[in-house]
Structure formats: C-alpha cells, structure tokens
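Data block below; observations after.
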Amino acid sequence: MQEICQKNRLLEDSESTRDNRGKKNIMAELQQHSNNNHFPILFSFSVFSRPSSLPVGSGYEVLIQKFLSLYGDQIDIHRKFVIQLFSEEWGQYIDLPKSFAVAEKCKLRLVPLQMTMTTLGNLTPATTVFFCCDMQERFRPAIKYFGDIISVGQRLLQGARILGIPVIVSEQYPKGLGSTVQELDLTGVKLVIPKTKFSMVLPEVEAALAEIPGVRSVVLFGVETHVCIQQTALDLIGRGLEVHIVADSTSSRSMMDRVFALERLARIGIIVTTSESILLQLVSDKDHPKFKEIQNIIKASAPESGLLSKV
C-alpha cells in the first residue's frame, strides 16, 4: 500500500511538473515575443481562449485576420462581428474602436452580432480591389459565352488601371490549363498567382490584401461561377470583406450551375451586379476627373449574350 501511494505521488509530481513546464514554455514564448516588439494577447471566441501575440501597432484588420486564423473553423461566415477589449477601468469588455492599435498586453474577444445587417454595396476606388479568376486559354471552348466575358473583363481591367484600383489575377494549374488569355491586358496588376485550390484566397493573396490599406470591397469576375468564383466569394465574406460579382463577366460550362450559384450567393448577401454599374459607381459623379475615360469604356454597351436571359 505504501508503495502504491509513493507511485501515485510520483505520477502526480510528474504531471504537475509537465503542466508547470508547459505553462513556463507558453509564458517564455510570449515573453520572447514581447521582447521582439510583440505584446501577448488573449484571443477569445465563444467558449475558447488562446494566448498569442502581435507586433506593436497592429490594427483592427490584423486583429480580424488573427481571429480568423485561430477560429476560422468555428466562425459562421454569414454573421457580422465586433471585437471587444477588456477594460480594467470598467471591469468588463467594451467595443474596440476601429482606430485601435496594439500597444500593450491585453484581452480581446470576437462577438457575433445578433441583428441582421444589410449590405449597402457602396464602392470607392480607395477601398476596392478587383479579382480576376482563372480566365485561361484552355477554358475557351468549354465556358459558355467565353468571348463575351473576356470582353467585359478587359473593360474592368482597363477601368481599374484608370482609377488606380489594385488587381489580383489567379490561374488554375497554368501548367495544364494555360495562362490568362491574351485579350486581357494584365499590365500593372498587383499579383498574378498560380493555384490548384479552387478559391483565390491563398496565403499570398491574403498577404497582398494586407498591403492595401483600408480594403473593404472585392469586385470578382471570371470562371467558373459555381466553383472558383463561389468558393472565393465565400472565403472573402468569411474574412469580413464585401463581395461584388460581375454577372456579365462570370460564367460556367453549364448555365444551370451558373444560375443556381448566383442565386445562392445573392441570398447570403453577396452583390450580383454588372460591369457598367461597377465602373459608374466607382466614379460616382460626372465631374470626377476620370469620368470621361470611364465613359469611353462603356460608350458601347457590354455584349448582350445568352448570359442575360439566364440570370
């Protein structure tokens, strides 16, 4: 009996030692981050809490991305959220101002809002980025009205250059499916990235977005509507971005797949719109210094292809 008790004490001591070592390792890691101009932060969502750290000066968008990296699998992408900061003065969590920047050790939590929030769909050049998805040579014979969506895509790229809007281009397995079609002028685009994943939301794309201050909206076009466009749109709204899909520059091999994908996406708050609507909303005023250039792009109406009657 005495021997069993001694063994139990040894086991308890061993487990306690491991626990203490684990806590010390976490604290040492956080202290190391703090010494490297990082501050320790406790990130909480629902019943979960995880210690981590961020560089001094990290702002609201960086915090959102950190929450997504920690809890992406648990976050309902159809909800709106607010970040709250624990206030020692008030003894409870308070809403975090958008101007917040990490300057000390703190506790944060992500809280889903209960009310339904309407997506307004406002677009400004300073807060918008264009995504051109997989407009590649090998898709030409298979995608319905491919020539028409290329024509409209070129209008969008031209408008983006005029207005100084960043453009990110993806190519699905270019080794087998070819590069972006020659009709699309990619001069000045921010990033052209090969991929095998259907969604365009890759680490390199997220890094490129992080370099663009204040991005709020993504204008998305390309192929296929029900695969890469749909999965990209879902990933983007899951990261708190507003998504505008350009219906006259988006298609699939099957019109049934295209129609049901657009209907599904519209029901969850993604804006399905047209190229002319996008370009005119971005200038917003006939006195805009770039209005005449944009007007020249849309002087001839976009092709009224078979896509029109299928939306």
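The values are calculated or read from the model by the stated rules, or taken from the named source; none is laboratory data. This one's a predicted model, so the numbers in the text were calculated from it and none came from an experiment. Backbone-built Cβ (ideal geometry, glycine too); neighbour counts: all protein chains shown. Remember, those area values only see protein heavy atoms, side chains included, never the ligands or the DNA or RNA. Shrake-Rupley method; radii C 1.70, N 1.55, O 1.52, S 1.80 Å.
Values as computed for the structure displayed
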| item | result |
| --- | --- |
| Proximal aspartates and glutamates to K98, defined as alpha-carbon separation beneath 19 angstrom and excluding residues fewer than eight positions away on the same chain | E61, E211, E242 |
| DSSP-assigned coil residues among GluC sites (Glu not before Pro) in region 115-191, each with at most 14 further Cβ atoms within 10 Å | E183 |
| Full-extension gain in nm, R161 to E183, via 0.36 nm per residue minus C-alpha separation | 6.4 nm |
| Hypothetical label at D73: residues of region 38-53 whose amide nitrogen lies under 16 Å (7 Å Cα-Cβ projection) | 45-50 |
| Point-charge dipole on Cβ atoms (K/R +1, D/E -1) for region 222-311, about Cα centre, debye to 20 | 60 debye |
| Selection of trypsin sites (Lys or Arg not before Pro), region 189-248, meeting DSSP coil and at most 15 other Cβ within 10 Å | K197, R216 |
| Assigned charges on the beta-carbon of Lys, Arg, Asp, Glu; region 34-173 dipole about Cα centre (debye) | 200 debye |
| Size-normalised alpha-carbon gyration radius of region 113-190, reference 2.2 N^0.38 Å | 1.33 |
| Heavy-atom surface of region 188-311, accessible at 1.4 Å and reported per residue (Å²) | 47 Å² |
| Student exercise, region 135-249 dipole from Lys, Arg, Asp, Glu Cβ charges, in Debye to nearest 20 | 100 debye |
